[in-house]
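S.K.: This structure is in structure tokens; I'll ask about it shortly.
The values are calculated or read from the model by the stated rules, or taken from the named source; none is laboratory data. For clarity, every value in this text was computed on a predicted model and none was experimentally measured. Virtual Cβ from ideal backbone geometry, glycine too; neighbours counted across all protein chains shown. Side chains are part of the model used for accessible areas, which takes the heavy atoms of the whole protein and leaves out ligands, DNA and RNA. Shrake-Rupley method; radii C 1.70, N 1.55, O 1.52, S 1.80 Å.
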Amino acid sequence: MSGTGAAIDTRALEAVLFVSDEPLTPAVLSQALEVDRRTVDDLCAQLGSELERRGSGLVLRNVAGGWRLFTDPQTQPVVERFVLSSRQARMTKAALETLAIVAYKQPVTRHQVSAIRGVNADGVLRALVDRGLIEEAGRDEGPGRPLLYATTPMFLERLGLASLAALPSLAPLLDASAEPADAADRAADPEDDPGDDPDGEVPAEADESGPDAPEA
């Protein structure tokens, strides 16, 4: 491919990506540009490098199984200010909480979401479905066969994720939240004086969860 031909194809690729409102798969781009998929991969890599080199306000990312243009993270303050000043509605805290539950527990039923949040989640789930962020994903095999909910490709697209495997791990957050509780438990229930127990063992009364636990 000549330098001129590559430039033309890169411009065509950028134009196609610009007018698309969803990530474009290599197959779609291959058909649109009339080139093979390997060439599409090379062009996407080249376009990504060109955008970065010229300091563009856009970046090219591979998300939800396809390629799409996004605003550069460094432009976030300006873009965020513009979006928030527009008429687009922001997601409520309830919607964000519900969306997080569905993302990490999917597929999940309405009752399960409501049980985790502690409030009825019917209205929030409907709103998220209307926004295209979650969708019905079959029915549970339990009694009544309730609907199951899962996230959509648009969810991955909005978060800039290639797949659900790219979701941040919850383990560090759970460990951090457990530390204050552990410290409080240690303060409220200090260890016995080693001098009172020469073997350093915990008295049986300290743990009543075993099979030999004394009856109440």
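S.K.: For Asp130, Asp72, Asp42, what's the largest-to-smallest order of accessible area, 1.4 Å probe?
M.R.: Order by accessible area, largest first: Asp130, Asp42, Asp72.
S.K.: Among Leu60, Leu33, Val79, whose Cα projects farthest towards the positive end of the dipole of the stretch 19-98, with charges put on the beta-carbon of Lys, Arg (+1) and Asp, Glu (-1)?
M.R.: The Cα lying farthest towards the positive end belongs to Val79.
S.K.: Excluding Gly138 itself, what net charge comes from residues whose Cβ is under 14 Å from its Cβ, given Lys and Arg +1 and Asp and Glu -1? Intermediate values should be presented prior to the final figure.
M.R.: Working: positive: Arg110, Arg139, Arg145; negative: Glu135, Glu136, Asp140, Glu141.
Summing Lys and Arg as +1 and Asp and Glu as -1 gives -1.
S.K.: Order Lys105, Lys93 by their accessible area, 1.4 angstrom probe, all chains in place, largest first. Write out the running numbers ahead of the final one.
M.R.: Working: Lys105 120, Lys93 150 Å².
From most exposed to least exposed: Lys93, Lys105.
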